[in-house]
Amino acid sequence: MQKRVCVIGAGPSGITVIKNLRDKNINVICYDRNTEVGGNWIYSEDESHSSVFETTHIISSKTLSQYEDYTFDDFDKTVADYPSHDELRRYFQSYAKHFDLYSFIVFETSIKHCERVADNEWHITIVQNNKERIEVFTDLVVCNGHHSVPRMPEYPGNFTGKFMHSHQYKKATPFTDKKVLVIGGGNSACDVAVETSRVSQKTSISCRRGYRIIPKFFFGLPSDVIGERSSWLPIRIRRWFFDRLLNIMLGKNKLYGLQEVKTKFGETHPTINDELLYKIRHGKVQPKVDIERLEKNTVYFKDGSKEEIDVIVACTGYVLKHSFFDKDFIDYSNGPVPLYLKMFHPEYHDVFFVGMFQPLGCIWPGSELQSKLLANYLTGDWKMPSNIKALCEREVTNPHYKQIDTPRHTITVDFHTFKKALLKQLPKDWKVKKLKVV
């Protein structure tokens, strides 16, 4: 059968899918709602676009955040250890130009509905210039990311100030002289707290539990490079090692007024931030416990304290949602995500998910390997295991880390373990580049 593959999204995962499918001469068309490649790494103040913040730098180092087929040295040897969002945007766009991918991408086009009519027959309803039409494909690759539908918290009472999600946050300037409360202890929450504290009258950060705050550098090296050097160790030993290292380097959370961590390393997603603890100890960010209730512009906390607040910024994550699927067909918004290697569906063998995992590390190096495996599958060079349903179930029942039961932790993988699992399925010469001269 002549393949005609639809790719949804031209972000970091989508473009490596296009590249690796084209390396196998597979017919592919990618649709993206933006005007350029890069996904949420294209900074925009438009609230409808899930983009990074004005000051965002990646939380994994460039060494472990690059494509094997086109490294940062191939792009620009002067890129910082932790690249800015603009460096990453330019990197992704350079990747697309280098491999001549633009001719396979249709921009300013949204996907309204994806219907699987039969095996290897997908009817994709697209919208261009406010006009709908249906395109037919044999296979569908979903690369639309998982940071587009905000998950909002609910509390008793009524808040009369501004209550917003980090999805709406773009830069700190609008918070000048405001009394700001940030909800959450993850990477976005810490970034928002640090940035708003530079201009706000007061910034507080409310956390439900204790979080590990991991610095970006250990011993002068990026922290994930230190992690890579210990990746040969079993996960349980690595957990013990990093907990001890953090206690030595930073001390206990209580020294900073934060709640103590009660989980093992890896049971929650780590927070990578060098400035939050500094800001707390300099009095610019005030730690608070979980919220008990809201009353007008007063926030009451579970320790009995209260604060007058102008703006609440909820950094509470996103719903894993694919609005273009019927809910009774595929719905991962609640509960587990049973996909083999986080990409192969147990029943439908013509729909694939690339980049829909949350590593303790960077996404697109794993997406690149998923794309190579997908290309091999579509050309018959790799056979799907006959026990695919059991393997999908195993992904859920035997995760890399036994994490706490929250919606945020349904797609977590260990960066190094996940890469090894994908590499086992690829030929030994997988690193051979097929560079295009453009």
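The values are calculated or read from the model by the stated rules, or taken from the named source; none is laboratory data. Note that the coordinates shown come from a computational prediction; the quantities given were computed from them, not determined experimentally. Positions of Cβ are backbone-derived with ideal geometry, glycine not excepted, and every protein chain shown enters the neighbour counts. The accessibility values were calculated without ligands, DNA or RNA, using every heavy atom of the protein model including side chains. Shrake-Rupley method; radii C 1.70, N 1.55, O 1.52, S 1.80 Å.
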When residues of the stretch 125-150 are limited to those that are in a strand (DSSP E or B) and closer than 28 Å to Val52 by Cβ, the one modelled with the lowest pLDDT: Val149
Set Trp240, Trp232: member being over 25 Å from the mean Cα position of the chain (by Cα), of a type in the set (Phe, Trp, Tyr) and more than 27 Å from Tyr155 (Cα to Cα): Trp240
Residue identified as open to solvent by 20 Å² or more (accessible area, probe 1.4 Å) and in contact with a Gly (Cβ under 8 Å, 6 or more places away or on another chain) among Phe265, Phe242, Phe219: Phe242
Residue count for the stretch 65-111, restricted to those that are touching a residue at least 40 places away in the same chain (Cβ under 8 Å), open to solvent by 60 Å² or more (accessible area, probe 1.4 Å) and in a loop (DSSP other than H, G, I, E, B): 4
Yes/no for Val319 being within 26 Å of Thr196 (Cα to Cα), open to solvent by 20 Å² or more (accessible area, probe 1.4 Å) and in contact with a His (Cβ under 9 Å, 6 or more places away or on another chain): yes
Single residue of the stretch 395-418 satisfying the filter (modelled with pLDDT of 70 or more and touching a helix residue (DSSP H, G or I) at 6+ places or on another chain (Cβ under 6 Å)) that is surrounded by the fewest Cβ atoms within 10 Å (Cβ to Cβ): His400
Pick from the stretch 279-307, criterion in contact with a strand residue (DSSP E or B) (Cβ under 9 Å, 6 or more places away or on another chain) and open to solvent by 80 Å² or more (accessible area, probe 1.4 Å), ranking: nearest to Ala189 (Cα to Cα): Lys284
Pairs where the first residue, in the stretch 247-266, is closer than 13 Å to Val289 by Cβ and the second is open to solvent by 70 Å² or more (accessible area, probe 1.4 Å) and assigned to a helix (DSSP H, G or I), C-beta under 7 Å, 6+ apart: Glu260/Lys254
Residue satisfying all of: in the stretch 199-226; of a type outside the set (S, T, N, Q) and free of Cβ contacts under 8 Å to residues at least 40 places away in the same chain; nearest to Ile312 (Cα to Cα) among these: Val199
Matching entry among Phe352, Phe357, Phe329 (being in contact with a helix residue (DSSP H, G or I) (Cβ under 7 Å, 6 or more places away or on another chain) and either among the basic types (Lys, Arg) or over 22 Å from Thr63 (Cα atoms) (or both)): Phe352
Test: residue in the stretch 42-64 that is surrounded by fewer than 20 Cβ atoms within 10 Å (Cβ to Cβ), at positive phi and either under 16 Å from the mean Cα position of the chain (by Cα) or modelled with pLDDT of 95 or more (or both): no
The lone exception for Leu181 - which of (1) in contact (Cβ under 8 Å) with a residue 12 or more places away in the chain; (2) among the aliphatic types (A, V, I, L, M); (3) open to solvent by 30 Å² or more (accessible area, probe 1.4 Å) it fails: (3)
Selected residue (criterion: farthest from the chain's Cα centre (by Cα)) from residues of the stretch 137-162 that are hydrophobic (A, V, I, L, M, F, W, C) and closer than 17 Å to Phe325 by Cβ: Phe137
Cβ pairs under 8 Å, 6+ apart, first in the stretch 305-321 and free of Cβ contacts under 8 Å to residues at least 60 places away in the same chain, second open to solvent by less than 10 Å² (accessible area, probe 1.4 Å) and in a loop (DSSP other than H, G, I, E, B): none
Pairs, first part of a helix (DSSP H, G or I) in the stretch 151-176, second open to solvent by less than 30 Å² (accessible area, probe 1.4 Å) and small (Gly, Ala, Ser), C-beta under 6 Å, six or more apart: Phe175/Ser200
Residue match in the stretch 23-32 (condition: open to solvent by 20 Å² or more (accessible area, probe 1.4 Å) and assigned to a strand (DSSP E or B)): yes
The listed residue being among the hydrophobic types (A, V, I, L, M, F, W, C) and out of contact with any Lys or Arg (no Cβ under 7 Å at 6 or more places or on another chain), out of Ile280, Ile272: Ile280
